[in-house]
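Contents: one structure, followed by commentary.
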Amino acid sequence: MGSYATLVRQSLLLAAFVLVVTLLAPMDAKLWIVGVGAGALVFFVVVSLVRHRQVVRLAQEVDEVLHSGRRLDFSNYREGDVAVLANELGKMVARLQRTSSQLALERNALSDALADISHQIRTPLTAVGLMLPSIERADEAHERKRLVRELESMIERVSWLVTALMKIAKVDAGALQTASQPVNAAAMARRAFAPLEMSYDIHDVALVWDVDERAIFQGDEGWTAEAVENILKNCLEHTPKGGKVTVVVTEDALATTIAVTDTGPGIAEEDLPHVFERFYRGGHASNGGIALGEAAPSQVQQGFGIGLALAQALVSAQGGSIRAANGPQGGARFTVSFPKCVV
């Protein structure tokens, strides 16, 4: 109604203008001015009515998109400013629909992740709850100390899981602050191994170094060391007693590479595509191999399946890449690469 009222006012103003011009014009020009003015008025009214109908239809379609969620096509408008507006609205609707679909996928992924997190945390917490009565009933001091140490280990595992998940969440949100400066790859690798040195000794697994002391890459030493530490920990979990883990650091014109290879049974072919998935611990074994995440006999306790996912997140956040494969002589091989330039 408001648009029609505006149209009536504009038409009356145009008619009044034509009337005034007609009154002021010479007698022999009055008829010509009246004819031209009437034609202009009719043309103005017709064009305005057509545009008004297009705008009303466009508004109805936008309303249906907003309230009914329908997928509408704005391409059936002819050339003109309304067609330009319809085209822009079509782009906006398409973008909103893509965003809505993406949000739905992220919501489902978040729901699945929360379910996995709940399951992963519930398992050690259940174990903690079962251990407390055993500690209370233990009469011998030696047995009580053993149970307390196991309890501490469970609590540390849960704490590590929460910390790792928070770091991954920061990477996903783009909130992880990483430095970009020259890093000595060999020194970084030794820094990554330092917290695990005692564990390697306890489990009788040797670490062999083959590093280029001059290899440099552009990145964040702290976060990269944590990523490599998770890889070294994973290799320790899958290397049998008396085995070895080899760290090779090289640099060429294209990239700086840190390769970590173990002498374990390797990764089952079915598990290779899923190595870096969160909470994936494998379920296949082939060629005498064990499933990914399954600790070798007499080795450290099986992990949560989050360490390699965290390693990938930390490396990718710096523009690097990480790959997993089986070595030509057996065992798993993880390769971290930092390119010299990005094309």
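Derivation of every value follows stated rules applied to the coordinates shown; laboratory data play no part. None of the values given here were measured: they were computed from a predicted structure. Glycine gets a Cβ as well: all are built from the backbone with ideal geometry, and neighbour counts include every protein chain shown.
Observations on the model:
- Ordering ARG98, ARG51 by the number of other Cβ atoms within 10 Å of each residue's own Cβ, fewest first, gives ARG98, ARG51.
- Stretch gain in nm, segment LYS340-GLU156, where the contour uses 0.36 nm per residue and the Cα spacing is subtracted: 62.5 nm
- Ordering of 267-277, 149-159 by packing is 267-277, 149-159, highest average first (other Cβ atoms within 10 Å, averaged per residue).
- For ALA255, nonlocal amide neighbours, meaning residues 5 or more places apart or on other chains whose placed amide H falls under 5 Å from its own, are LYS340.
- The peptide list 312-321, 222-231, 200-209, put in order of mean Cβ contacts within 10 Å with the highest first, becomes 222-231, 312-321, 200-209.
- If you take the alpha carbon atoms of the stretch 134-242 and fit the smallest convex hull around them, that volume is 134 Å³ per residue.
- Pairs beyond 32 Å (Cα-Cα), from LYS167/LYS340; LYS145/LYS241; LYS241/LYS340; LYS233/LYS340; LYS244/LYS340: LYS241/LYS340
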